[in-house]
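Data block below; observations after.
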Amino acid sequence: MNVQITHLINSDKKIHAVVEKCIQCGTCSASCPLNQYMDYTPRQLIALVREGMIDEALKSRTSWLCSTCYLCAVRCPVKINIGDFMTSLKRYAIKNGYSDNLPYSKLTKTYVDLVNKYGRISETKLIITFSLKTNPLKLLKMLPLSAKLLREGILSLSLEKVKNIQEIRT
Amino acid sequence: MFKKNVSYYPGCSCSKSGLARYYGSSSLAVLKKIGVNVSEIEDWNCCGSNLYRTIDENKAYLLGARNLAKALEMGLPEILILCPACFLSLKRTLTEVFTNSTLLIEVKKKYSVFGNRTSSIPNVRHIIDFLVNDIGEDVFKKNVEKKLDGLKVAPYYGCQITRPYGLFDDPEFPTSMERIFSWIGANPIDSPLKTKCCGGMLTITNEGEVLPMIKKILESYIRLGAECIVTACPLCHLNLEIAKMKIKRTVKEISNIPIMYFTQLIGLSFNLPFNELGITKEIVEHLNKKIIVTASLRGGKNE
């Protein structure tokens with residue numbers, strides 16, 4: 001086994017379980033609602049990791065398109081949670097600098113910053129902060145939706161901070 | 001009368017400043033009418049959702065554990081949750097805390113209430129589970145003041161209410177919401193796409209890929225003759241609304257189909273004030289046209 005695969009498998013027991021138990025039946029790939037947009041299907045991604053082609057696996061857009069709907073997980077005949085495997089792979093990719101420019105990676109970081117600052121998030125604040133960081137023009141595209149939410153009186157920037165914020169930060 | 005005390009975790013979306021605030025307020029109004037005494041968890045925080053878990057798994061569980069600890073401190077271990085993502089996060093936290101000994105030690109050190117001999121183990125419940133399995137048909141029907149006879153309701157569960165654990169219903173074809181609808185007189189539509197993914201957070205980052213998916217779900221519901229689409233998830237709700245705006249011009253029927261939270265519909269049949277439910281007069285008038293008026297023949301009250 002090469003060094004890369006050992007490091008990846010040892011970093012996360014969820015990745016380890018998938019690599020160990022997967023029977024390559026492809027039920028996950030067939031169940032995935034986003035499979036048509038992936039460069040490797042979930043089954044292929046697992047095969048890549050097994051073969052030690054870690055760079056390919058981490059550069060693939062497959063895990064970033066996983067919405068964690070867990071249809072694969074409930075259908076898997078050997079009961080491995082492929083959705084959680086995708087989350088673990090994303091975490092490993094972020095940690096090791098494979099995904100600095102990906103929008104989803106930026107979204108997670110924006111989310112974590114908000115939680116660490118306020119203890120909670122506001123969807124409006126999350127979307128605005130994220131759009132300003134990535135593509136401010138997107139905000140213009142969202143104007144019709146914002147107008148609708150504003151009319152319904154549910155669009156607000158207010159965010160009540162957790163009182164004992166120290167408990168969150170430590 | 002039915003009496004029960006539970007704690008309530010609103011989560012960011014269903015809180016007073018969240019986009020799903022009316023999911024929150026309508027649920028509280030429905031529970032109050034039934035006789036459930038609901039106390040909001042004091043100073044609650046983010047559930048440690050999947051977005052947080054993608055960066056820092058351990059910290060995500062500690063965030064979840066803080067909420068569970070607060071509920072235990074209040075002496076209300078039964079925790080009601082509306083948002084499926086929060087529900088899954090806290091359920092997962094609970095499972096992890098009690099199966100991972102290193103995490104349990106860390107959690108106990110931070111929140112001494114865990115593993116304390118006198119305190120119970122938190123019981124994380126989704127509101128659908130609670131309404132169907134604890135409240136039940138008899139208590140429910142006693143509170144119905146206006147039956148929604150004949151209204152064709154299309155339930156949309158989304159993914160994380162039943163997956164991956166499948167705790168109180170089938171992971172792919174749940175029927176709990178349908179049972180509730182039959183108690184309030186509505187006609188549930190059986191859709192094969194009711195637990196199909198709405199794309200979740202990907203609408204923000206990968207709109208091109210997920211929008212066609214949500215459009216397909218909406219179009220399927222229209223073909224099945226839905227008069228009202230009902231969700232139980234803040235994110236599903238928002239994504240359906242976005243898709244609705246996108247297809248409004250080409251699919252004319254869609255503008256007549258309101259997308260509501262299932263507790264808003266229950267509230268309507270309980271005759272609760274519109275401002276608490278967060279539904280407009282127009283929606284109510286529109287739905288009234290679809291309801292077969294048998295309620296008035298029975299003198300307003302059913303059963």
Looking only at the stretch A:98-117, count how many residues are within 8 Å of another protein chain (Cβ to nearest Cβ), among the hydroxyl-bearing types (S, T, Y) and within 21 Å of B:G208 (Cα to Cα). 2
Quick check on this structure: which one of B:V139, B:V144 is in contact with a Phe, Trp or Tyr (Cβ under 8 Å, 6 or more places away or on another chain), more than 30 Å from B:K216 (Cβ to Cβ) and surrounded by fewer than 19 Cβ atoms within 10 Å (Cβ to Cβ)? B:V139
How many residues are more than 8 Å from chain A (Cβ to nearest Cβ), among the basic types (K, R) and either surrounded by fewer than 20 Cβ atoms within 10 Å (Cβ to Cβ) or in contact with a helix residue (DSSP H, G or I) (Cβ under 8 Å, 6 or more places away or on another chain) (or both) when one looks only at the stretch B:168-201? 1
Screening A:A30, A:A47, A:A73 for residues that are part of a helix (DSSP H, G or I), of a type outside the set (D, E) and crowded, with 18+ Cβ neighbours inside 10 Å leaves only A:A73
Of a type in the set (A, V, I, L, M), more than 20 Å from A:G83 (Cβ to Cβ) and in the same structural domain as B:P155 (by TED's automatic domain parsing) - does that describe any residue in the stretch B:190-204? no
Anything in the stretch A:136-159 that is out of contact with any helix residue (DSSP H, G or I) (no Cβ under 8 Å at 6 or more places or on another chain) and either part of a loop (DSSP other than H, G, I, E, B) or of a type outside the set (D, E, K, R) (or both)? List them, or say none. A:P136, A:L137, A:L140, A:L143, A:S146, A:A147, A:L149, A:L150, A:E152, A:G153, A:S158
Yes or no: the stretch B:246-253 includes at least one residue that is assigned to a helix (DSSP H, G or I) and within 14 Å of chain A (Cβ to nearest Cβ). yes
Taking the conditions exactly as written (crowded, with 24+ Cβ neighbours inside 10 Å and either outside the structural domain of B:L82 (by TED's automatic domain parsing) or closer than 26 Å to B:S176 by Cα (or both)), does B:P234 satisfy them or not? yes
Confirm whether B:S101 is within 14 Å of chain A (Cβ to nearest Cβ) and out of contact with any helix residue (DSSP H, G or I) (no Cβ under 9 Å at 6 or more places or on another chain). yes
Using beta carbons and a limit of 8 Å, which pairs, at least six apart or on different chains, have the first residue in the stretch B:55-76 and within 12 Å of another protein chain (Cβ to nearest Cβ) and part of a loop (DSSP other than H, G, I, E, B) and the second one surrounded by 21 or more Cβ atoms within 10 Å (Cβ to Cβ) and modelled with pLDDT under 95? none
Going through the stretch A:118-146 in order, the residues found to be within 10 Å of another protein chain (Cβ to nearest Cβ), farther than 16 Å from B:N206 by Cα and without any contact (Cβ under 8 Å) to a residue 12 or more places away in the chain are A:E123, A:P144, A:L145
If you take the residues of the stretch A:75-97 that are β-branched (V, I, T) and at the interface with chain B (Cβ under 10 Å from one of its Cβ atoms), which of them is nearest to A:A17 (Cα to Cα)? A:I82
From the list B:G24, B:G11, B:G48, which residue is within 16 Å of the chain's Cα centre (by Cα), surrounded by 24 or more Cβ atoms within 10 Å (Cβ to Cβ), touching a residue at least 40 places away in the same chain (Cβ under 8 Å) and at positive phi? B:G11
Among A:I80, A:I121, the single one that is in contact with a Phe, Trp or Tyr (Cβ under 7 Å, 6 or more places away or on another chain) and part of a loop (DSSP other than H, G, I, E, B) is A:I121
Tell me, yes or no, whether the stretch A:41-60 has at least one residue that is at the interface with another protein chain (Cβ under 8 Å from one of its Cβ atoms), in contact with a helix residue (DSSP H, G or I) (Cβ under 7 Å, 6 or more places away or on another chain) and of a type outside the set (D, E). no
Out of (1) crowded, with 21+ Cβ neighbours inside 10 Å; (2) closer than 18 Å to B:F262 by Cβ; (3) at pLDDT below 95, the one B:P122 does not meet is (2)
Inside the stretch B:1-49, can you point out the residues that are assigned to a helix (DSSP H, G or I), polar (S, T, N, Q) and closer than 15 Å to B:I79 by Cα? B:S27
What is the one condition in (1) more than 9 Å from chain A (Cβ to nearest Cβ); (2) crowded, with 22+ Cβ neighbours inside 10 Å; (3) more than 21 Å from B:F140 (Cα to Cα) that B:I79 does not satisfy? (3)
Scan (1) in contact with a strand residue (DSSP E or B) (Cβ under 9 Å, 6 or more places away or on another chain); (2) facing chain A (nearest Cβ under 10 Å); (3) assigned to a helix (DSSP H, G or I) for the single condition B:A85 breaks and write down its number. (1)
All positions within the stretch B:202-214 that are over 16 Å from B:T231 (Cβ atoms) and more than 10 Å from chain A (Cβ to nearest Cβ): B:L211
Before we move on, is B:R163 assigned by TED's automatic domain parsing to the domain that holds B:L265 and not in a loop (DSSP other than H, G, I, E, B)? no
Residues in the stretch A:152-170 that are at positive phi and either modelled with pLDDT of 85 or more or surrounded by 13 or more Cβ atoms within 10 Å (Cβ to Cβ) (or both) total 0
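The values are calculated or read from the model by the stated rules, or taken from the named source; none is laboratory data. Computed from a predicted model, the values in this text were never measured in an experiment. Every residue, glycine as well, gets a Cβ built from its backbone with ideal geometry; the counts of neighbours run over all protein chains shown.
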